[in-house]
1. Counting just the residues of segment 144-179 that are more than 17 Å from S98 (Cβ to Cβ) and hydroxyl-bearing (S, T, Y), which one comes out farthest from the chain's Cα centre (by Cα)?
2. Going by the structure shown, is V339 over 30 Å from E228 (Cα atoms), crowded, with 20+ Cβ neighbours inside 10 Å and among the hydrophobic types (A, V, I, L, M, F, W, C)?
3. Among the residues of segment 187-201, is there at least one that is within 11 Å of ligand 1 (Cβ to nearest atom) and either within 15 Å of S147 (Cα to Cα) or part of a loop (DSSP other than H, G, I, E, B) (or both)?
4. Hey, does segment 317-334 have a residue that's within 30 Å of D18 (Cβ to Cβ) and touching a residue at least 60 places away in the same chain (Cβ under 8 Å)?
5. Only one of S22, S78 is surrounded by fewer than 22 Cβ atoms within 10 Å (Cβ to Cβ), within 20 Å of P173 (Cβ to Cβ), among the hydroxyl-bearing types (S, T, Y) and within 16 Å of ligand 1 (Cβ to nearest atom). Can you tell me which?
6. Under the condition of being within 15 Å of ligand 2 (Cβ to nearest atom) and either in a helix (DSSP H, G or I) or free of Cβ contacts under 8 Å to residues at least 24 places away in the same chain (or both), which residue from segment 142-178 is surrounded by the most Cβ atoms within 10 Å (Cβ to Cβ)?
7. Return the residues of segment 212-244 that are farther than 18 Å from V41 by Cα, away from ligand 2 (no atom under 16 Å from the Cβ) and in a helix (DSSP H, G or I); say none if nothing qualifies.
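The values are calculated or read from the model by the stated rules, or taken from the named source; none is laboratory data. Model, not experiment: these values are computed from the prediction. Cβ placement follows ideal geometry from the backbone for every residue including glycine, while neighbour counts extend to all protein chains displayed.
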Amino acid sequence: MSGENNNRIIIFDTTLRDGEQSPGATMNLSEKILMARQLDVLGVDIIEAGFAASSPGDFEAITSISREVENAVICSLSRASIKDIDRSAEALRHAKKSRIHTFIATSPLHMQYKLEMTPDEVLRHIEEAVSHASKCAADVEFSCEDSSRSDLDFMVQACQIAVANGAKTINIPDTVGYAQPAEHAARIAYLKERISQDVIISIHCHNDLGLAVANTLACFQAGARQAETTICGIGERAGNAALEEIIMALTVRKHLYQLEHNIKTEQIYPAARTLSRIIGHTIARNKPIVGANAFAHEAGIHQAGVLKKAETYEIMTPASIGLPSNAIVLGKHSGKNAVKTKLEALGYNLESEQIDLVLAAVKRLADVKKEIYDEDLEALVLEEIYRIPDKYALVHLGVQTSDSGLPPTAVLVLDINGKRVQHAGFGVGPIDAVFKAIDKVSGHSPTLEQFSVNAITGGTDAQGEVTVRISENNRSSIGRGSHPDIINAGARAYLNALNRLSKKEEEN
Ligand code: KIV
Ligand code: ZN
């Protein structure tokens, strides 16, 4: 990757670092690995897998992702400190291709109040950090945090020092989402004139004023050739620039931008679905590109137009982003090959034993649900393969409700660390009865902050997907569960959240 006036945009995905910093988006190790694999299949050039020095969890995630990922460069974030950079280098040691990303703030506000450093001290830190990083890795990126509120010439000076000490990519973050498109593009153009043409200028925009994607696209026209993005735009506060929006703008308006990218657009929808399942946030219906309404036409006049010629109201096709046609894919008689082929088409490259587990789950589900769709299969993959080992697992659940004044009753058997425990209890409704029974046997009593049910596909036999958020002792966690019976899905979601909470307790 070189910065000479090329026309290719490098996609640096930070879903696993900046994205994971967004409230409620924490992922466990196996979920991060799954997401990293999905990003690799999607074709991102660089995966920022975490911030190695920030926690043992991030360090382990970067180490594992470095081992697992085949194509993308793996990157770790570091403050401009020798200790952080060494930690990044250690976490990245197994990566086929690696990058160290180091940053320090250059705005007067951040230098004075956050860093408590003079501008000269900041420049000295840049020199020291970037030259150390260049000894640890062949590929070094430097970011001036809060650059959109930095003095332009000071920012340029900081970047020149970083380049002189070995940085190959210079990132200009709009850390607080303050920039406006023309203004930020002018900043990039000003920098580009004052820096070696071999250096890649990168752009990292936050969405506080809803302009992250617009700012990113404007900066491409001023010469930026790397975009820092996240799937569905998740990230700190209002989020980061959404990968799918940037890529589809470059694709749909190719003649305008004349810029290439390596993203396989038909992997966009599977990546967004996987992320949404992992973090337990449903994708807003009106979200561009990946929302349920993005290709839905309600007005009669639009429907008539689309039926005559899709392009009348569709600027891209559902197939171009990998939106499944909802064809029935699997059923009771499907074999391992059919499951494997379908999984690969959805972007999951699993080991043979993992496919056996998914196949067994497909067969179990096919006993109660005739038609198994792509979304069902994805839910099974997440349940069977990417769950953390369960401390609390559901063995049996029976629920009784009646309209004759009898309170709803739940009878359950749990496996707790290999020991069977049973309990029966009452509640205001069936879910209340089940959750109270689980609390009783697990010894937890968390607050239920969110409970939502979603039908994975259409039809009354659709699997219900329940997402819960619970909190206890200042820790919170999200859990998911899917089952054709929504009470059973609720129990699974609640147990999943308790398992994740216990894991967090163990880790601290
Ligand atoms: O928003 C920001 O400034 C960042 C940097 C660490 C690149 O995320
Ligand atoms: Zn950021």
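1. Here the residue is S150.
2. For V339, the condition - over 30 Å from E228 (Cα atoms), crowded, with 20+ Cβ neighbours inside 10 Å and among the hydrophobic types (A, V, I, L, M, F, W, C) - is met.
3. Scanning segment 187-201 turns up no residue that is within 11 Å of ligand 1 (Cβ to nearest atom) and either within 15 Å of S147 (Cα to Cα) or part of a loop (DSSP other than H, G, I, E, B) (or both).
4. So far as segment 317-334 goes, yes, one or more of its residues are within 30 Å of D18 (Cβ to Cβ) and touching a residue at least 60 places away in the same chain (Cβ under 8 Å).
5. Going through S22, S78 in turn, the sole match is S22.
6. The qualifying residue surrounded by the most Cβ atoms within 10 Å (Cβ to Cβ) is S147.
7. Matches in segment 212-244: A214, L217, A218, F220, Q221.
Residues are listed down the side, and each one gets a yes or a no for (1) buried (at least 17 other Cβ atoms within 10 Å of the Cβ); (2) of a type in the set (D, E); (3) closer than 23 Å to M248 by Cα:
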position	(1), (2), (3)
Y313	no, no, yes
G331	no, no, no
L343	yes, no, no
R364	no, no, no
E378	yes, yes, no
